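Working notes, structure below.
No lab work stands behind these numbers, since they all come straight from the coordinates. Not measured: the values here are computed from a predicted model. Glycine gets a Cβ as well: all are built from the backbone with ideal geometry, and neighbour counts include every protein chain shown.
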Amino acid sequence: MECYIGLGANLGERERTLRRALERLHGEAGVKLCRVSGFYETEPWGKKDQPVFVNAAAKVRTELAPLELLKVCQGIEGELGRVRQEHWGARSIDIDLLCVPGVQMDTPELKLPHPYMLERSFVLVPLEEIAPNLVVGEKNIRQHRQACMDAGMVSPCCGSPTGYSLQLIACVDDHGGLGRQGRLLFHLPEDMAFFRQKTLGGTVIMGRRTMESLGKPLEGRRNLLLSRRGKGGEGFETCRGLEELWQALDSSSEGEIYVIGGGEIYAELLPYCREAWLTRVHADGGADVFLEELEGEFSLVSCSPAVNGAGYGMKFCHYVRKF
């Protein structure tokens, strides 16, 4: 089941709270974060005498029923300090289920689609960014946003993980396989040259197994280790979670930023990636770790065949996030 979610906060560290909520959503069993909008600073709606909000929208896929997902969202709100005191009042975090395509509900606990979503610019603007063609009622979100009479301020602001323009780079076999028993499936000079050409002068983000397989930092690049197990080797900057990663990227990042593996790191950061570069090798590598299929959220924009000395057919493919 696909579900579209709205997030907002106007107390405390607003942007950080939204990032933590997104991370928690992605970490829930049976919930997969697929896509995230930018962050928008917005005027309060309904009750005006309160601080300005930061709002965002997200798309998730879930095995949970809508009411179960609602309880998950309410649990995350509680963990992040939400106290329900005043209707439409100030809040540290608000996570609303906006709509589930093909599902209508009208219960005391949950109404789908959200009864006010089409009246609120702060909902429609970020939602249009990630799902302009999503149909609610007789119109799509872009048409609803154009017809919305709410003139409240909705202004792009910093803070969303999508603002780092992350790019995924990987080499996969015909089945999307990445590796087997902790090792890469292929070591092709042509792929290695392509990887070096793309990443040189930029920042690379990796997990502990990838760091260990490299043995040393990649020269000419800033090496960031995303690992909750603590410090990495010399020359690697360790981030013990996503919030530390975002802070590290804020501190100094020259050039492009690439996610280079392994499988768990790809899965954790793919929702925030803008582009993907895949070397597709026409072979079955017997993988035990796989990359998620990109076609649902990304568009293939180019694919260049290549020849390699190992006798494999291969191609370099470039994907960009849809919309």
Review point. Straight-line reach from LYS216: which aspartates and glutamates have Cα under 13 Å away, leaving out those fewer than 8 places along the same chain?
Key: GLU234, GLU237
Check your understanding: Could you put TYR312, TYR258 in order, starting from the residue whose Cβ has the fewest other Cβ atoms within 10 Å?
Key -> TYR312, TYR258
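Can you pull a Stokes-Einstein diffusion coefficient for the stretch 235-323 at 25 °C (0.890 mPa s), Rh from Kirkwood over Cα pairs, as a whole number of µm²/s?
D, rounded to a whole number, is 160 µm²/s.
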**Study point:** Radius of gyration and maximum dimension Dmax of the chain, Cα, Å
**Key:** 21.1, 68
Point to revise | Per principal axis, descending, Cα span of the stretch 264-308 in whole Å | key: 32, 28, 16
Check your understanding: Check GLY38: other-chain or 5+ apart residues with amide H under 5 Å from its amide H, H built from backbone geometry?
Key -> none
Check your understanding: How much FRET efficiency would the formula 1/(1 + (r/R0)^6) give for SER92 and HIS318, where r is the Cβ-Cβ distance and R0 is 45 Å, rounded to 0.05?
Key -> 0.65
Review point. How many percent of all Cα-Cα pairs in the stretch 84-171 sit more than 23 Å apart?
Key: 37 percent
Check your understanding: In whole Hz, what ³J(HN,Hα) sequence does the stretch 184-190 give by Karplus (6.51, -1.76, 1.60; θ = phi - 60°), x for Gly and Pro?
Key -> 5, 6, 9, 10, 9, x, 5
Practice item. Rounded to whole Hz and in sequence order, give me ³J(HN,Hα) for the stretch 309-322 from the Karplus expression 6.51 cos²θ - 1.76 cosθ + 1.60, θ = phi - 60°, writing x for Gly and Pro. Key: x, 7, x, 7, x, 8, 8, 9, 10, 10, 10, 10, 4, 5
Review point. If the cut-off is 23 Å between C-alpha atoms, which lysines fall inside it for LYS71, apart from same-chain ones fewer than 8 positions away?
Key: LYS32, LYS59, LYS111
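Rounded to two decimals, what ratio of Rg to Rh does the stretch 165-321 give with C-alpha atoms and a Kirkwood Rh?
Details: Rg = 14.9 Å, Rh = 15.8 Å.
Across the stretch 165-321, the Cα-based Rg/Rh ratio is 0.94.
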Revision key, fill the gap. Along the stretch 107-120, Karplus-curve 3J(HN,Hα) (6.51, -1.76, 1.60; θ = phi - 60°) to the nearest Hz, with x for Gly and Pro, reads 10, x, 7, 8, 10, 10, x, 4, x, 10, 4, 7, 9, 10
Practice item. Quickly work out the GLU2-to-GLU254 label distance, labels modelled 7 Å from Cα along the C-beta direction, and quote it in nm with one decimal. Key: 4.1 nm
Review point. When the gyration tensor of the stretch 2-157 is built from Cα positions, what are the square roots of 5 times its three eigenvalues, in whole Å, from largest to smallest?
Key: 20, 20, 15
Check your understanding: Over the stretch 165-321, what relative contact order in percent results from Cα pairs under 8 Å that are six or more residues apart?
Key -> 33 percent
Revision key, fill the gap. The chain: relative contact order from alpha carbon pairs under 8 Å, six or more residues apart, as a whole percent, is 18 percent
